[in-house]
1. For segment 199-220, which residues satisfy the criterion of being within 16 Å of ligand 2 (Cβ to nearest atom) and of a type outside the set (Val, Ile, Thr)?
2. Yes or no: segment 46-56 includes at least one residue that is within 17 Å of VAL252 (Cα to Cα), touching a residue at least 60 places away in the same chain (Cβ under 8 Å) and of a type in the set (Ser, Thr, Tyr).
3. Looking at segment 27-58, which of its residues are within 14 Å of ligand 1 (Cβ to nearest atom) and touching a Gly at 6+ places or on another chain (Cβ under 8 Å)?
4. So, restricting to helices (runs of 4 or more DSSP H) that lie completely within segment 211-311, which ones have at least 3 residues that are free of Cβ contacts under 8 Å to residues at least 24 places away in the same chain and away from ligand 3 (no atom under 16 Å from the Cβ)?
5. Would segment 195-208 turn up any residue that is within 16 Å of ligand 3 (Cβ to nearest atom) and crowded, with 23+ Cβ neighbours inside 10 Å?
6. Identify, from the list ASP260, ASP308, ASP291, the residue that is closer than 25 Å to ILE46 by Cβ, within 16 Å of ligand 1 (Cβ to nearest atom) and touching a helix residue (DSSP H, G or I) at 6+ places or on another chain (Cβ under 8 Å).
7. Name, by its number, the condition in (1) in contact (Cβ under 8 Å) with a residue 24 or more places away in the chain; (2) away from ligand 1 (no atom under 16 Å from the Cβ); (3) farther than 18 Å from PHE110 by Cβ that does not hold for GLY188.
8. Let me confirm something: among SER171, SER179, which residue is surrounded by 15 or more Cβ atoms within 10 Å (Cβ to Cβ), within 16 Å of ligand 3 (Cβ to nearest atom) and under 19 Å from ALA124 (Cα atoms)?
Amino acid sequence: MPVVTSTEMFKKAYEGHYAIGAFNVNNMEIIQGITEAAAEVRSPLILQVSAGARKYAKHIYLMKLIEAAVEDTGLPICVHLDHGDSFELCKSCIDGGFTSVMIDGSKYSFEENIALTKKVVEYAHDRGAVVEAELGRLAGVEDAVNVKAEDSSYTRPEEVEEFVSRTGCDSLAIAIGTSHGAFKFKPGTKPQLRFDILAEVEKRLPGFPIVLHGASSVIPKYVDIINANGGQLKDAIGVPEDMLREAARMAVCKINIDSDLRLAMTAGIRETMAKSPDAFDPRKYLAPARDNIRELVKNKIINVLGSDGKA
Ligand code: G3H
Ligand code: 13P
Ligand code: ZN
């Protein structure tokens, strides 16, 4: 079976009130950890590649590794460009076999975002690929962008119908208070998300798949292991799991997770290096890192996403 689009996955997830995990991938151990976990619990998957990941590992290596995972597991896997910032980048990913791209025009005006998204949608749909767009801006840091909290903005529900009908996009990322990275809420405050905005978007776009970025929970267990072994991650706070479950019961069909993978992997490496300071065989510390990713993803699928048994 080749890589697939997310169309069928989202349809079933919407109707079944669960979500598909979209996990960021950068190398073989991450891809194996995620896909082995999903295979164990028979979950569909989206593996997403950022511009930074593509630059780090090269498109062809990631594509071949993902194809190997499809062959190894027999799972439906969608391969997606995360935060594409130009038509050219989206085109290059589609030409290189990705089945899905995100065009993130959220930094542009409403009209400019529509024009750019529409151009990507036309190119993608002609080639059997699907497109995620974004309205509203998340705070936080990615390789390519650093959006300060004061420059972030919630999605305006009154804009979503016009945006979706004029662009023809297949899914829509909205901003309801999550942010990228491991420091999502002020320490000492209660994490809050604007579920009222999500509910209003759902009402205006019945049946349409919504995407939640910045959805790592920043699992304390891995932060603690990192800090106990020489790390200094102070005040790391993520999205509480019950909020993610609530979003998945609503119109959110795709939940993006990267920071949790980074933390799980780093915890495995730091712990091993601290226990065995003389270790210099990369397999000695990358294998526990991959084990942590497998454990993390299995827990997410079963306890948060609800996509187990759906492949
Ligand atoms: O939302 C962004 C992802 O966490 C990817 O991050 O651009 O550093 O690869 P990156
Ligand atoms: P986190 O930083 O919360 O993992 O978000 C990842 C993401 O949204 C990728 O697009
Ligand atoms: Zn994102």
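1. Those that are within 16 Å of ligand 2 (Cβ to nearest atom) and of a type outside the set (Val, Ile, Thr): PRO209, LEU212, HIS213, GLY214, ALA215, SER216, SER217, PRO220.
2. No: segment 46-56 contains no residue that is within 17 Å of VAL252 (Cα to Cα), touching a residue at least 60 places away in the same chain (Cβ under 8 Å) and of a type in the set (Ser, Thr, Tyr).
3. Hits for segment 27-58 are ILE46, ALA51.
4. Counting at least 3 such residues, we get 220-228, 259-275, 282-300.
5. Taking every residue of segment 195-208 in turn, none turns out to be within 16 Å of ligand 3 (Cβ to nearest atom) and crowded, with 23+ Cβ neighbours inside 10 Å.
6. Numbers: ASP308 fails: within 16 Å of ligand 1 (Cβ to nearest atom); ASP291 fails: within 16 Å of ligand 1 (Cβ to nearest atom).
Testing whether each residue is closer than 25 Å to ILE46 by Cβ, within 16 Å of ligand 1 (Cβ to nearest atom) and touching a helix residue (DSSP H, G or I) at 6+ places or on another chain (Cβ under 8 Å) leaves just ASP260.
7. Condition not satisfied by GLY188: (1).
8. On the way: SER179 fails: under 19 Å from ALA124 (Cα atoms).
Going through SER171, SER179 in turn, just one is surrounded by 15 or more Cβ atoms within 10 Å (Cβ to Cβ), within 16 Å of ligand 3 (Cβ to nearest atom) and under 19 Å from ALA124 (Cα atoms): SER171.
Bear in mind that the values in this text are calculations on the coordinates, not laboratory data. Just so we're clear, the structure is a prediction, and the values are computed from it rather than from any experiment. As a convention, Cβ positions derive from the backbone with ideal geometry for all residues, glycine included, and neighbour counts pool all protein chains shown.
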